[in-house]
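Q: Sending over a structure as structure tokens; questions will come in a sec.
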Amino acid sequence: ATFSGRARFSEATFSGEADFSWATFHELAYFKESKVNILVLNATLFTKYADFREMRIGKLTYKCVSPAIIKGRIDFRNSSISEMHFQDIIFENDVDFSDVKFGIPLKEGKTEGKLTTVFRYVTFESDAYFIRTEFHSNTAFERIKFKGDANFTDIAFKDFKRGDAKKFSLSYLTFKHLLLSLDDLPDIQHWVRDDKDRIRSFVDAEEDNMAKP
């Protein structure tokens, strides 16, 4: 689908899957304060500005077959995202994940297995903000390029406690200007140091199942 004017889904509730794959938003796209179980943005293009603030998302996948250039500003501030997979995306403008809570189950009190947050083969041409962002699940940043400011001020890994099995991975990252306190990162016991322990997301699991005869 092509949205030539403003598209407004603010405060909407999608009890199942909301799939915007291959859609193009030429003007402003509003999803603020909406709630969705599964949000699919595969190869979705945003030209100006996409407002995902204060959303509650169960699973979010934003993956492209080949690197897609997203020209618009992307804003997820104050959202809660249980599981996420971003892959093969080039963001030309600012991307803001400030105050986002990753890895919180969509339904309170419900355990949904091993939740994951995965950024893979993503390039931030402009600034990327993760200010006060909380990571509560397995978290991986793989082959990421930050060409502007990468602001991780006051990030938190609140559920990465001594003795639990949560994993954290930083692999092949490039920074121009990094704002980060090393004391904010998880203890070394949580870091992935072997290929066999690589963090795999729900998207990886689905692709494995599809490949089986």
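Q: Does residue 125 satisfy being of a type outside the set (Val, Ile, Thr) and at pLDDT 95 or above? Explain how you work it out, then say what you get.
A: Values: of a type outside the set (Val, Ile, Thr): yes; at pLDDT 95 or above: yes.
Criteria met by residue 125.
Q: Would you point out the residue of the range 124-137, among those that are part of a strand (DSSP E or B) and open to solvent by less than 20 Å² (accessible area, probe 1.4 Å), that is farthest from residue 203 (Cα to Cα)?
A: Ranking the candidates gives 128 first.
Matching residues to (1) out of contact with any Cys (no Cβ under 8 Å at 6 or more places or on another chain); (2) of a type outside the set (Lys, Arg); (3) touching a residue at least 40 places away in the same chain (Cβ under 8 Å); (4) more than 17 Å from residue 85 (Cα to Cα):
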residue: 121; (1), (2), (3), (4): yes, yes, yes, no
residue: 134; (1), (2), (3), (4): yes, yes, no, no
residue: 147; (1), (2), (3), (4): yes, no, no, yes
residue: 154; (1), (2), (3), (4): yes, yes, no, yes
residue: 164; (1), (2), (3), (4): yes, yes, no, yes
residue: 188; (1), (2), (3), (4): yes, yes, no, yes
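Q: Are any residues in the range 88-116 open to solvent by less than 20 Å² (accessible area, probe 1.4 Å) and free of Cβ contacts under 8 Å to residues at least 60 places away in the same chain, and if so, which ones?
A: 89, 91, 95, 96, 97, 98, 100, 102, 103, 115
Q: On to the next question. Just give me the residues in the range 39-87 being closer than 16 Å to residue 11 by Cα, part of a strand (DSSP E or B) and open to solvent by 10 Å² or more (accessible area, probe 1.4 Å), in sequence order.
A: The answer is 56, 80.
Q: Ok, one more. Residue 31 - would you say it is without any contact (Cβ under 8 Å) to a residue 60 or more places away in the chain and over 23 Å from residue 132 (Cβ atoms)?
A: The answer is no for residue 31.
Q: Within the range 190-206, take every residue that is charged (D, E, K, R) and part of a helix (DSSP H, G or I) and give me the one that is surrounded by the fewest Cβ atoms within 10 Å (Cβ to Cβ).
A: Of everything passing the filter in the range 190-206, 196 is surrounded by the fewest Cβ atoms within 10 Å (Cβ to Cβ).
Listed here are the residues, each with its yes/no results for (1) of a type outside the set (A, V, I, L, M); (2) farther than 26 Å from residue 206 by Cα; (3) not in a strand (DSSP E or B).
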| residue | (1), (2), (3) |
| --- | --- |
| 122 | no, no, no |
| 140 | no, no, no |
| 149 | yes, yes, no |
| 153 | yes, yes, yes |
| 169 | yes, no, no |
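Q: Could you tell me which of the residues 21, 10 is under 19 Å from the mean Cα position of the chain (by Cα), of a type in the set (Gly, Ala, Ser), outside any strand (DSSP E or B) and within 22 Å of residue 71 (Cα to Cα)?
A: 21
The values are calculated or read from the model by the stated rules, or taken from the named source; none is laboratory data. These figures come from a predicted structure and were not determined experimentally. Cβ sites come from the backbone with ideal geometry, for glycine too, and all protein chains shown count toward neighbours. Calculation scope for accessible area: heavy atoms of the full protein, side chains included, ligands and nucleic acids excluded. Shrake-Rupley method; radii C 1.70, N 1.55, O 1.52, S 1.80 Å.
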